[in-house]
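Below is one structure, written out as structure tokens, with a few remarks after it.
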Amino acid sequence: MSHTIRLRSGEAVADIALHGAELRAWSVAGRALIWSPDPAVWADTAPILFPVVGWTRDGSVRVDGQSYPLGLHGFARAMRFRIAAQEADWACLMLDASDESRTVFPFDFSLAVTFRLTADALRTELTIHNTGTGAMPYACGLHPGFCWPFAGGTPEDYAIDFAESEASTVPMIAPDGLFTRQRRRVPIDGPRLALSEALFAREALCFLEAKSRSLRFAHRDDAAITVTLEDFPHIALWARPGGRFLSIEAWTGHGDMEDSDGDLWKKPSMIQLEAGTTRRHAATYAFTPG
């Protein structure tokens, strides 16, 4: 069995790995929009984040007094998913709780990742179902790395245009990845954030409880990738020196605070999903050639 599945719609193509249900490539009319990974910089392309987002204190969490080794962004990105359904332009991949997952996250769940491709857009949907008998705390997120630049020019020829004016300061993140109570200013002008590689030299820019439900990653000549979010309250922007990508992340939760005690039930912005219930989160990425 192939380790990757391919979706097609018109001139659009998307490749998805069963390992981590990770989008490995997306192109429209031959134009690559997801970066080609470089292990020396960042070996991923678009990891699925579950059941936590961000760093945990000391790489572990506590549940009902017991410690579990649950680290950065959870474990789903390292697990093999199964194909639940597939057609030419869409597919649903599934991950269910197992003895392995319970060693780091003592809850029963099913996680479905559905990709839907059209001629100019790609939709990624996360569906979380609590299959256990009690409440389950979780967070999830999408972490695609888009080519930067994707329409020629230099990185400085691009900007993020939020749908609404966003805060001019963002949380400062400690070297160990934990969030501090301090904030730093970013050069945002109303809804527009001019981009440069230097902007990400220190850390990610995390717009928690963002006002915008959509944004445009836009070239000055108006080519753009428009991101529309459903039930993702936080937006993070991240790049790594030496990489030619910008990651536009959609989160329901975020990393631990510096003063966190590691209790998973108290981790910031966790969702408490009742037994037998389901919740859905989605992002749609639409490309405009300009």
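Quick note: the coordinates plus some simple rules give every number you see, no bench work behind them. Just so you know, these numbers come straight off a predicted model, no measurement behind them. All Cβ positions, glycine included, derive from the backbone under ideal geometry; neighbour counts span all protein chains shown.
Here are some notes:
- Placed amide H near Leu273: partners under 5 Å, 5+ positions off or other chain: Met136, Tyr138
- Label zone at Glu203, where the point sits 7 Å out along the Cα-to-Cβ direction: segment 172-189 residues whose backbone N lies under 19 Å: 172-188
- For segment 163-209 versus segment 40-65, the gap between their alpha-carbon centres in whole angstrom: 20
- Listing Leu7, Leu72 from fewest to most neighbouring C-beta atoms within 10 Å gives Leu72, Leu7.
- Net charge dipole, segment 4-288: roughly 140 debye, given to the nearest 20, about the Cα centre with Cβ charges of +1 for Lys and Arg and -1 for Asp and Glu.
- Extension gain (nm, one decimal) between Ser214 and Thr169, 0.36 nm per residue minus Cα-Cα: 14.3 nm
- Taking the DSSP beta bridges with both ends in the chain, the antiparallel portion is around 95 percent.
- Segment Lys266..Arg184, full-extension length gain: 27.0 nm, with 0.36 nm per residue of separation and the alpha-carbon distance subtracted.
- FRET efficiency for the pair Glu274 and Thr118, taken as 1/(1 + (r/R0)^6) with r the Cβ-Cβ distance and R0 = 45 Å, rounds to 0.85.
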